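Nothing in this text is a laboratory measurement; each read-out follows from the coordinates by a stated rule. Treat the numbers as computed from the prediction; the structure is a model and nothing was measured. Note: ideal-geometry Cβ built from the backbone for every residue, glycine included; neighbour counts use all protein chains shown.
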Ligand code: GLN
């Protein structure tokens with residue numbers, strides 16, 4: 001049924017870079033045998049899932065939606081994907097994204113933009129736009145996304161699905177093609193909170209192949225699927241609801257806060273003004289890490305190589321000039337600049353200090369509150385073709401999500417309504433480190 005739906009939806013939506021029809025059917029058959037033999041009994045056995053195209057799947061084209069990874073088929077699978085297989089899930093394909101996860105609209109993909117299933121004149125958000133659109137258009141039941149600075153939560157909000165960015169270290173980054181390694185986290189995208197928690201439970205694991213992987217005490221996220229927010233203290237940052245927030249988005253989110261209040265939560269406003277520095281700090285840190293991480297794409301070992309060149313240096317130069325898109329080049333240049341001697345202290349080090357202060361501001365907030373309630377994005381999904389010409393404006397749209405990555409915290413985005421045009425509005429709940437269960441409980445109660 002999912003493959004049929006993909007055939008219907010894909011010509012317009014373009015959620016996938018690769019659909020593995022044959023492979024999916026073969027996996028399904030194998031899983032069915034194991035289910036029949038009683039070897040697979042979990043809730044996800046046989047469920048079709050899509051994987052963002054920056055996660056390695058053995059033998060499957062993995063492109064990061066970039067020309068530079070032309071024809072790259074990894075010889076191994078990422079740990080998160082192995083965990084999907086362990087649960088018996090069927091991987092139907094790889095989803096479209098902003099090139100190397102840099103962007104907020106899925107328009108920087110070499111494979112063309114993905115459209116928002118709610119209104120195809122609009123973007124699905126990004127960078128995990130393909131995963132979120134695929135779930136929204138019923139082209140899979142669940143999907144994996146990655147979130148370096150909102151890339152699960154923002155497109156989930158734009159597509160009316162539920163997406164969760166786990167605490168840094170919860171899901172292994174092994175086999176996730178790195179963007180900003182200190183910020184990247186893989187997380188679930190699903191139709192509702194129950195599916196989202198179930199998928200998180202499947203992919204979260206301690207992995208010695210990722211040195212930042214954390215051994216958590218508790219991986220039982222689905223036990224938090226209970227309807228109860230009595231006495232839960234929820235903080236609303238005043239600063240998040242001022243200028244720049246679309247009035248329709250504001251209204252829908254404050255209404256959702258009232259629903260939680262009616263169900264017994266204690267909702268209060270508080271000050272989190274330091275977060276205004278998150279955007280410059282994030283773009284300095286993420287670009288610095290990206291400039292280093294993307295050094296490996298040189299045309300020598302795998303992926304795209306320019307056709308004509310004179311000598312090694314010319315080959316590197318031409319390959320990278322032709323292989324990377326404009327936004328990726330901008331980040332590499334910015335990142336190399338802030339890491340270069342003479343500028344390192346002024347920009348990179350300052351950004352790291354800002355990151356530490358933001359973490360401290362969140363620590364203080366979580367002394368008083370169980371969670372923070374905020375928008376996921378300042379507007380609903382913009383129209384296609386309107387965002388890329390003004391990158392700074394696009395970066396400013398990340399205001400509500402990126403501080404969460406800088407502080408390594410978990411955040412969930414869930415639908416709370418639609419605007420006049422019928423485009424979904426998402427609410428974000430942010431928790432202290434390792435407090436995903438509180439977020440799941442509150443989201444489930446709201447839903
Ligand atoms: N808009 C953010 C960026 O372009 C999103 C990054 C992400 O989470 N992958 O950096």
*Would you work out if the range 277-325 is rounded, prolate or oblate? Take a ≥ b ≥ c from the square roots of the eigenvalues of the alpha-carbon gyration tensor; rounded if a/c is under 1.5, else prolate when a/b is larger than b/c, oblate otherwise.*
prolate
*How do 259, 47 line up, fewest other C-beta atoms within 10 Å first?*
259, 47
*Separation between the residue 341 and residue 390 pseudo-spin-labels, each 7 Å from Cα along Cα→Cβ, expressed in nm?*
4.0 nm
*At what distance in angstrom do the alpha carbon centres of the range 1-79 and the range 260-292 lie from each other?*
33 Å
*Express in nm, to one decimal, how much length is gained between residue 243 and residue 312 on full extension, taking 0.36 nm for each residue of separation and deducting their alpha carbon distance.*
19.7 nm
*Specify the inter-centroid distance of the range 168-204 and the range 91-164, based on alpha-carbon positions, in whole Å.*
14 Å
_118, 313 arranged by Cβ crowding within 10 Å, fewest neighbours leading_ = 313, 118
*For the range 307-419: rounded, prolate or oblate by the Cα gyration tensor [a/c cutoff 1.5]*: oblate
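Provide 389, 146, 273 in ascending order of the number of other Cβ atoms located within 10 Å of each residue's Cβ, fewest first.
389, 273, 146
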*What shape does the range 86-199 take by its C-alpha gyration tensor, where a ≥ b ≥ c are the square roots of the eigenvalues and a/c under 1.5 counts as rounded, a/b above b/c as prolate, and the rest as oblate?*
oblate
*Burial order of peptide ranges 28-41, 120-133, 356-369 (average beta-carbon count within 10 Å, highest first)*: 120-133, 356-369, 28-41
